[in-house]
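Just below is one structure, and these are the notes that go with it.
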Amino acid sequence: MNAAQRVQAEAAAVNLVRDQLAALGQTEPEYLKISIESETGFKELFEELLEQEAEADSFIAAIKARKDDLSARQERYAKRKETLRLLMASALEGAGLPKQETALGTVSISRVAPKVIVTDEAELPSRFWRPADPILDRKALTEALRARAAARAAAAAITDEDERRAALEAADAAHPEVPGASLSNGGASLTIRRK
């Protein structure tokens, strides 16, 4: 390729880049700068493209660093929120109040039913596993554990020792122990409504 052919090829490439920017609807000042400055030549076009690519890298690095900072900040605020909710729940429980209304919102505390704590899935009887797929049927497991707990509590409340023993045996027969799972002690759930 001689010098004249090279100049023509470079000019055609410059025009191609300008046309592509127009076709893409790129009207941002950075792209207009490429279009204007590329009129001077092929080398200048690449200098401008490389300069803007380096600038884009700088922005990418800065945004990533800022994103990491914001993620850490988000995590700190999430922990702070959790602590504040624990403090509100503790204050309500300590005062023996079910709720507190303020101009900013109403905070209430309600009892939460005991939840299943699976200690060893391998020990759980097959009846608590869904047959179609290997997913634990937590609903059936919870119902069984709650039924056993209720039956044993009712039997334990019987004052006559012989009747109590017979009732506990009947409760155990009707609602056998579930190896690998137990009920938690329940707890409290905090609700905040914004006005």
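The values are calculated or read from the model by the stated rules, or taken from the named source; none is laboratory data. Since the model is a prediction, treat every value here as computed from it, not as a measurement. Because the Cβ atoms are built from the backbone with ideal geometry, glycine has one as well, and the counts that use them run over all protein chains shown.
Figures for the structure shown
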item: Given (1) free of Cβ contacts under 8 Å to residues at least 40 places away in the same chain; (2) within 22 Å of S184 (Cα to Cα); (3) surrounded by fewer than 10 Cβ atoms within 10 Å (Cβ to Cβ), number of the condition T102 does not satisfy; result: (2)
item: Some residue of segment 112-126 being within 30 Å of L84 (Cα to Cα), in the same structural domain as A181 (by TED's automatic domain parsing), among the small types (G, A, S) and surrounded by 10 or more Cβ atoms within 10 Å (Cβ to Cβ); result: yes
item: Test: residue in segment 14-24 that is at pLDDT 90 or above, within 44 Å of the chain's Cα centre (by Cα), part of a helix (DSSP H, G or I) and exposed (fewer than 10 other Cβ atoms within 10 Å of the Cβ); result: no
item: Segment 123-135, residues that are touching a Gly at 6+ places or on another chain (Cβ under 7 Å) and in a helix (DSSP H, G or I); result: E123
item: Output for segment 136-164, where each listed residue is assigned to a helix (DSSP H, G or I) and over 25 Å from I117 (Cβ atoms); result: E161, D162, E163, R164
item: Selected residue (only one of A113, A157, A147 is on the phi < 0 side of the Ramachandran plot and free of Cβ contacts under 8 Å to residues at least 24 places away in the same chain); result: A157
item: Qualifying residue in segment 84-101 (condition: at positive phi and either among the hydrophobic types (A, V, I, L, M, F, W, C) or within 26 Å of the chain's Cα centre (by Cα) (or both)); result: no
item: Cβ-Cβ under 9 Å pairs, at least 6 apart or on other chains, segment 47-66 side on the phi < 0 side of the Ramachandran plot, far side among the polar types (S, T, N, Q) and part of a helix (DSSP H, G or I); result: E48/S38; L49/S38
item: Test: residue in segment 103-118 that is over 30 Å from A166 (Cα atoms) and more than 28 Å from the chain's Cα centre (by Cα); result: yes
item: Filter result for A174 (of a type outside the set (D, E, K, R) and more than 38 Å from the chain's Cα centre (by Cα)); result: yes
